[in-house]
Every structure is written in C-alpha cells, then in structure tokens.
1. Just to verify a result, which residue in region 63-91, among those that are within 18 Å of K53 (Cα to Cα) and of a type in the set (G, A, S), is surrounded by the fewest Cβ atoms within 10 Å (Cβ to Cβ)?
2. Which pairs turn up if I take residues in region 83-105 that are more than 17 Å from T73 (Cβ to Cβ) and touching a residue at least 40 places away in the same chain (Cβ under 8 Å) and look for partners that are of a type in the set (K, R) and surrounded by fewer than 16 Cβ atoms within 10 Å (Cβ to Cβ) with beta carbon separation below 9 Å, at least 6 apart in sequence or on another chain?
3. What residue, of S181, S149, S189, S134, is of a type in the set (S, T, N, Q), without any contact (Cβ under 8 Å) to a residue 60 or more places away in the chain and closer than 30 Å to S45 by Cα?
4. Find the residue count for region 117-156, including only residues that are under 20 Å from T73 (Cβ atoms) and under 15 Å from the mean Cα position of the chain (by Cα).
5. State yes or no: is T48 touching a residue at least 24 places away in the same chain (Cβ under 8 Å), hydroxyl-bearing (S, T, Y), surrounded by 14 or more Cβ atoms within 10 Å (Cβ to Cβ) and not in a helix (DSSP H, G or I)?
6. Filter region 100-122 for residues that are out of contact with any helix residue (DSSP H, G or I) (no Cβ under 8 Å at 6 or more places or on another chain) and surrounded by fewer than 18 Cβ atoms within 10 Å (Cβ to Cβ) and give the result.
7. State all residues of region 85-116 that are under 13 Å from the mean Cα position of the chain (by Cα), of a type in the set (D, E, K, R) and over 18 Å from D155 (Cα atoms); if no residue qualifies, say none.
8. Among (1) over 16 Å from the mean Cα position of the chain (by Cα); (2) closer than 21 Å to N161 by Cα; (3) at pLDDT 90 or above, there is one condition S45 misses while meeting the rest; what is its number?
Amino acid sequence: MIKKISLLVLAVFTISAFGAVAADKYAIDAVHSSVGFKVKHLVISTVTGKFNKFDGFIMFDENDMTNSSVEITIDAASIDTDNEDRDNHLRSADFFEVEKYPTITFKSTKVEKTSDGYMLHGDLTMHGVTKAISFPFVFNGQVKDPWGSMRIGLDAETTLNRKDYGIEWNKVLDSGGLTVSNEVVIELSLEGVKQ
C-alpha cells in the first residue's frame, strides 16, 4: 500500500514539475511592442498616448495557452502624448506622481480560455494601488524570424477607471461633462523573443 502511495506521489510530482517547465520564456521586445492608452478629452475628442520605456517577459506554453503568463514593468515617466506640457502635467502629483511612484507593473495570475479567444487576469499596480484587472487578448501566432529566433505576438485591450488608482484630477465642464474622462482604454501589443 505504501509503495502504491509513493508511486502516486511520484507521478503527481513528475506531472507538476513537467507543467512548471513546459512554458518557454520570451523577453518582450520593446522595439516591436507598444503600451498605449486613449482617453476622452472634453467629452468630444480622444487623446492617445503611450509609454516609451518598458520591459518584461511572457512565459508561453504552446501546448496549453492557459499555462502561460505575462509580467511587465513600465517606466511611468516615459509617458508620451506628443505634447511636452501635457506630459509634464501627467507626470505631476495631479496624475501619476512619477517621483513617488516611478513604475507601473502588471503581473498575470491566470490565463483563461473564452468562447472567442483568451482572457488574461492579473494584478495592475499603479500610483501605489494594486487592483485585479482582466485583458481580453488575441494570440497572433509564433514565427521564426530571419535571424533564427522564435517570436510570438499578442494584442490586448481593456478599460479601467483611473479613479480606482487614486488618479482623480479633473474639472467639470459647464455642460456637466469632464475635462478628462475617468475611463481609460489600455492597449497592449506585445512581441516576445525566445530566450
């Protein structure tokens, strides 16, 4: 009986260990990736922006996407909306307060298969606040580049409320609308190169 239990434990351990190493590590290639956002301004227009500095990795299991994961760290001061005055305001204590909170991080906790793709669940830490968030994403495939390295790509988009992260600066318009929408669309386009 003890021998059977020992064999069962060994089998479970072997399967668990295999699953733990089944995913391959892909470093995020920032040159061919983007971390962007868009937000309504004065209700009537959309301002877009991006973060120019970020790094991270994707653990990719080609046999089972649900065993995959993503971690990314963003330099908050690298925010870029193509307007220096606006970017400096966004770096200030009214918004990201980058001197106190220099990084924005996302660490996935689960990948879920859905009826039309996949859902990436994880913890987003921004402005000193950590909240669970989910990104629907599309896996764009795996390919060998002209230099012999394997690469993968994915696109993800979700919407968050910046007030949930303590970023609350705003002005109310005479019409009742807000100068800057509280809802922000986050757009990720990530390319990873196998390590």
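The values are calculated or read from the model by the stated rules, or taken from the named source; none is laboratory data. Note that the structure is a prediction, hence the values are computed from the model and not measured. Quick reminder, even Gly has a Cβ in these numbers, built from the backbone with ideal geometry, and neighbours come from all protein chains shown.
1. Ranking the qualifying residues of region 63-91, first place goes to S78.
2. none
3. Of the residues listed, the single one that is of a type in the set (S, T, N, Q), without any contact (Cβ under 8 Å) to a residue 60 or more places away in the chain and closer than 30 Å to S45 by Cα is S134.
4. Start the filter on region 117-156 by keeping residues that are under 20 Å from T73 (Cβ atoms), which leaves 120-135, 137, 152-156.
The next check asks that each one be under 15 Å from the mean Cα position of the chain (by Cα); those that pass are 120-126, 130-135, 137, 153-156.
Count: 18.
5. No, not satisfied.
6. Scanning region 100-122 gives K100, T105, K107, T109, T114, S115, D116, G117, M119, H121.
7. Correct list: empty.
8. Failed condition: (3).
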